Amino acid sequence: MSSMLFIMRKTLKNHIKEVFKKPVLLIGYLFIVLFVITMFIASFAMPSGLVRHGSNVLYTGIITIVFIFMYYTTLKLGIEKGSTYFRMADVNLTFTAPIKPNNILLYGFIKQLGGTLIFLFVALCQIPNLKNNFDMKPYGTWMILLATVFYALSYPLISMIMYSWVAKKSGRKKILKRALDTLALLTAGLVLLSLFRTRNVVGTIDNVFNNPIARYFPVIGWTSSIANASVKGFTTEFWVGIFGMMFLILATVIGLYRANLDYYEDVLEGTEFFEAARKAKREGKNLTFGLKVRDSVKQKLSGTGASALFFKHLLELRKTSYVLFFDRSSVSVIIAAIMFRLAMPKGVQEISLSMVLFFALYMLLLLQMQGRLGTELEKHYVFLIPASPYQKLFFATLAEHIKNLFDGIFLFMMSGILFKAQLINVLGCIIAYTLSGAVYTYSDILTRRLFGRIHSKGLLLFVKVLVNILIIIPGGVAAVIVMMITENELFMICALAGWSFVLAVTLFMFSAGILNNLETAS
Amino acid sequence: MLKVKNLTKRYDKILAVNKVSFEINSGEIGVLIGPNGAGKSTTIKSIAGLLRFDGEITIDGKPNKSIEAKRVFGYVPETPALYESLSVWDHLEFIARAYGLQDWTGTAETLLARFDMDDKKNKVGKDLSKGMQQKVSICCALLIKPRMVMFDEPMIGLDPKAIKELKEMFFELKNSGCAVLISTHILDSIADVWDKALIMNKGEIVFNSTRDEMASKGESLEHVFFSKTEGEEEAQ
């Protein structure tokens, strides 16, 4: 075990040393630390229920749905690829060394404890929003963080056990995946049935997620109950959750530690997948990573010169989308934006569409930061095409604009019907959404041109988000002022669209130079 | 030293390796050659104890997954992967600790010097090129002074000087009584080093012969390779 501890000790020490050697990296980390501290203080210090006093039923419903989604997606991926605590270096150097597999597993588990920090950070970012809308107990923040830790520790263990079981016999994978899907469909069915009967969102959540079966359901129910203590207090379900999760994690670790283990093959595929995902993330391609490519899509490539890029992107988009351009990011933006509006108080009916628009733009900002052009810039083809940089940039980004237009039409038509908005406002939102998408696309390219040499891709991503927020804020502020003066939602949308148009054109002019040569892009 | 008996490996419905049997003796260099997808890497990974398999693999008379067997074999994987934040020297120190080596620093210094890595001791994994990572990977495998060592496509990414050095090392290992197994699909890279050739195709060993046996029959490795993997016409 001492050799494993040596790796952990040295890794930490060398990483700290490296940060102090590179000022840009140090500044980046300081920014992140400052941000985390601010979020931490805000999460604990801010009072609860500032915006409204949302019901506990809605709170527990949201928490349970989030954990169902997280467990469902991670466990399904775990069954498919095997979950892993390890890196390829571990596979190549420790798995073949004369060390007991059980000790290596323990080392992996200790490493995972460090990994929970990322989950805690994500959870921490959500707490101010939750506190604004719900009456949380003084210790509420701790309960959410505790539940997050339990989630982060339990899912790789459960995944590993599940994968070990399915790997032993063909056919088991299908059985387990179907069982998970059935459970998910059953839950969705229950929600729809209850919604149909009650025609009330809160009532439905109360029926489906606030009954004893859901609250005491192993793992998902237990984890949710721990988080729910932040509004409900230390109820029986909380204690069942705490002891249930502790028992589960301890029993699995001890079981795995004592067992005659032969798990190397189980984690090998997962580790390879994880390494590829990590590489994609470093290159800013995690949005497109792991997408299934539909071979059934047939489309002839056309266009000449720079326009060939456009038709290639169209084909790529269609191959990785569910239908036409409707893909994972479309679903995320549409569902999140509409849910956001539904969760808002009822007294803002007249600006429903703008609320959907603003939240959709926030989501798009996070998603489009990992856009398709980044992948194009990693390769040499775009630089070699005999056309002007302006032509190439235009055609290389056109498919992205069309996708945004397509998503915008779908999102705002749905929202328009749902919130009974005027058609002209719907059209305004579609245009504003598409133009703002163009701003994100071109600012992403300009940031690459200006800060492309920043060592860390994560830090570059952080800079990109910051730049985008800074340039879009004046448009947002102008839009709000217009709204206050005219009290007309359409004018507000037009103000935002106008600002986005000016920005998009300006950014386009300045960013075209990135396609001069490979050096300006890296 | 290395005995593989009826090794079979199946991934779901795909039979990757089918009843493969061979032996590599002490002081012998065996080459496992075959086209892409022949099952070479699966065989090597099974021997290294990374995969579950049917059949029997022993190293120095011990089951390959036992701690005793692991103490005596080295493994150079197809794709080198190092700890990003660990320096070259840290990697060697880790290996020394994991294998319980004593007085290893002299050997480590020599190995690094032979691969021109002695001035890069303090460089961390993520700052090394692929070729340099491969060199560290080889140094780690050889630091333990193995009695059996496996190389999976060892020449890829190496510069000409390192390739020359590695070939010399193959002979030194052989002369010290170590059993060496090299997996590759580039015949030229191992033309002058092998004692025993194992040709794999579609998961099976289709040819197993020593250099002396082939020489007595007047066969060339390249000809046999193409005749066994592509058919006699292609070999012509």
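Go through the range B:1-10 residue by residue and tally those that are over 13 Å from residue B:53 (Cβ atoms) and open to solvent by 20 Å² or more (accessible area, probe 1.4 Å).
2
Looking at (1) assigned to a helix (DSSP H, G or I); (2) at pLDDT 75 or above, which is the one condition that is false for residue A:375?
Here residue A:375 clears every test but (2).
Tell me yes or no: at least one residue of the range B:68-75 is open to solvent by 10 Å² or more (accessible area, probe 1.4 Å) and on the phi > 0 side of the Ramachandran plot.
Looking through the range B:68-75, none of the residues is open to solvent by 10 Å² or more (accessible area, probe 1.4 Å) and on the phi > 0 side of the Ramachandran plot.
If you take the residues in the range B:40-67 that are open to solvent by less than 10 Å² (accessible area, probe 1.4 Å) and under 24 Å from residue B:229 (Cβ atoms), which one is farthest from the other protein chains (Cβ to nearest Cβ)?
Applying the filter and picking the extreme gives B:43.
So residue B:163 passes all but one of these: (1) open to solvent by less than 40 Å² (accessible area, probe 1.4 Å); (2) in a helix (DSSP H, G or I). Which condition number does it fail?
Of the numbered conditions (1) open to solvent by less than 40 Å² (accessible area, probe 1.4 Å); (2) in a helix (DSSP H, G or I), the odd one out for residue B:163 is (1).
Only one of (1) within 14 Å of chain B (Cβ to nearest Cβ); (2) open to solvent by 70 Å² or more (accessible area, probe 1.4 Å); (3) of a type in the set (Val, Ile, Thr) fails for residue A:11. Which number is that?
(2)
Yes/no matrix, rows are residues, columns are (1) more than 24 Å from the chain's Cα centre (by Cα); (2) over 30 Å from residue B:82 (Cβ atoms); (3) within 14 Å of another protein chain (Cβ to nearest Cβ):
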site	(1), (2), (3)
A:47	yes, yes, no
A:54	yes, yes, no
A:57	yes, yes, no
A:87	no, no, yes
A:100	yes, no, yes
A:114	no, no, yes
A:126	no, yes, no
A:130	no, yes, no
A:140	no, yes, no
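What is the one condition in (1) open to solvent by less than 10 Å² (accessible area, probe 1.4 Å); (2) touching a residue at least 60 places away in the same chain (Cβ under 8 Å); (3) within 8 Å of another protein chain (Cβ to nearest Cβ) that residue B:95 does not satisfy?
If we test residue B:95 against (1) open to solvent by less than 10 Å² (accessible area, probe 1.4 Å); (2) touching a residue at least 60 places away in the same chain (Cβ under 8 Å); (3) within 8 Å of another protein chain (Cβ to nearest Cβ), just (2) comes out false.
Quick check on the range B:111-136: of everything there that is within 11 Å of chain A (Cβ to nearest Cβ) and open to solvent by less than 10 Å² (accessible area, probe 1.4 Å), which residue is modelled with the highest pLDDT?
Among those that are within 11 Å of chain A (Cβ to nearest Cβ) and open to solvent by less than 10 Å² (accessible area, probe 1.4 Å), it is B:136.
Could you figure out which of (1) buried (at least 17 other Cβ atoms within 10 Å of the Cβ); (2) small (Gly, Ala, Ser); (3) away from chain A (no Cβ under 11 Å); (4) farther than 22 Å from residue B:204 by Cα isn't true of residue B:106?
Unmet condition: (1).
Restricting attention to the range B:11-36, and to residues there that are in a loop (DSSP other than H, G, I, E, B) and within 21 Å of residue B:230 (Cα to Cα), which single residue is least open to solvent (accessible area, probe 1.4 Å)?
B:34
Name the pairs whose Cβ atoms lie under 8 Å apart, with the first residue in the range B:69-87 and closer than 23 Å to residue B:147 by Cβ and more than 7 Å from chain A (Cβ to nearest Cβ), the second among the basic types (Lys, Arg) and not in a helix (DSSP H, G or I), and 6 or more positions between them or separate chains?
Within 8 Å, the pairs are B:69/B:62; B:72/B:147; B:73/B:147.
Being part of a helix (DSSP H, G or I), within 14 Å of chain B (Cβ to nearest Cβ), open to solvent by 80 Å² or more (accessible area, probe 1.4 Å) and more than 23 Å from residue A:122 (Cβ to Cβ), is that true of even one residue in the range A:22-33?
No.
Has the range A:439-462 got any residue that is of a type in the set (Val, Ile, Thr), at pLDDT 85 or above and under 21 Å from residue A:353 (Cβ atoms)?
Checking the range A:439-462: at least one residue is of a type in the set (Val, Ile, Thr), at pLDDT 85 or above and under 21 Å from residue A:353 (Cβ atoms).
What number of residues within the range B:1-33 are among the small types (Gly, Ala, Ser) and at positive phi?
Final tally of qualifying residues: 1.
Pick out, from the range B:37-143, the helices (runs of 4 or more DSSP H) lying fully within it that include 2 or more residues that are over 16 Å from the mean Cα position of the chain (by Cα) and small (Gly, Ala, Ser).
Once the helices (runs of 4 or more DSSP H) in the range B:37-143 are filtered for at least 2 residues that are over 16 Å from the mean Cα position of the chain (by Cα) and small (Gly, Ala, Ser), what remains is B:88-98, B:105-114.
Name, by its number, the condition in (1) in contact with a helix residue (DSSP H, G or I) (Cβ under 6 Å, 6 or more places away or on another chain); (2) open to solvent by less than 10 Å² (accessible area, probe 1.4 Å) that does not hold for residue A:123.
Only one criterion is unmet by residue A:123, namely (2).
Residues being in contact with a helix residue (DSSP H, G or I) (Cβ under 9 Å, 6 or more places away or on another chain) and more than 14 Å from every other protein chain (Cβ to nearest Cβ): count how many of those fall in the range B:8-21.
The qualifying residues number 1.
Step by step: first the residues of the range A:34-56, then only those that are buried (at least 16 other Cβ atoms within 10 Å of the Cβ) and under 16 Å from residue A:144 (Cα atoms), then the one that is modelled with the highest pLDDT. Which residue is that?
Here the residue is A:56.
Search the range B:164-175 for residues that are touching a residue at least 12 places away in the same chain (Cβ under 8 Å) and pair each with any residue that is part of a helix (DSSP H, G or I) when their beta-carbon atoms are under 6 Å apart and the residues are at least 6 apart or on different chains.
So the pair list comes out as B:165/B:114.
Collect the residues in the range A:307-342 that are open to solvent by 60 Å² or more (accessible area, probe 1.4 Å), touching a residue at least 60 places away in the same chain (Cβ under 8 Å) and within 30 Å of residue A:133 (Cβ to Cβ), keeping them in residue-number order.
A:342
The values are calculated or read from the model by the stated rules, or taken from the named source; none is laboratory data. Quantities reported herein were computed from a predicted structural model and do not represent experimental measurements. Cβ atoms come from the backbone with ideal geometry, glycine included; neighbour counts cover every protein chain shown. Please note that ligands, DNA and RNA were not included when accessible areas were found on the heavy atoms of the full protein model with its side chains. Shrake-Rupley method; radii C 1.70, N 1.55, O 1.52, S 1.80 Å.
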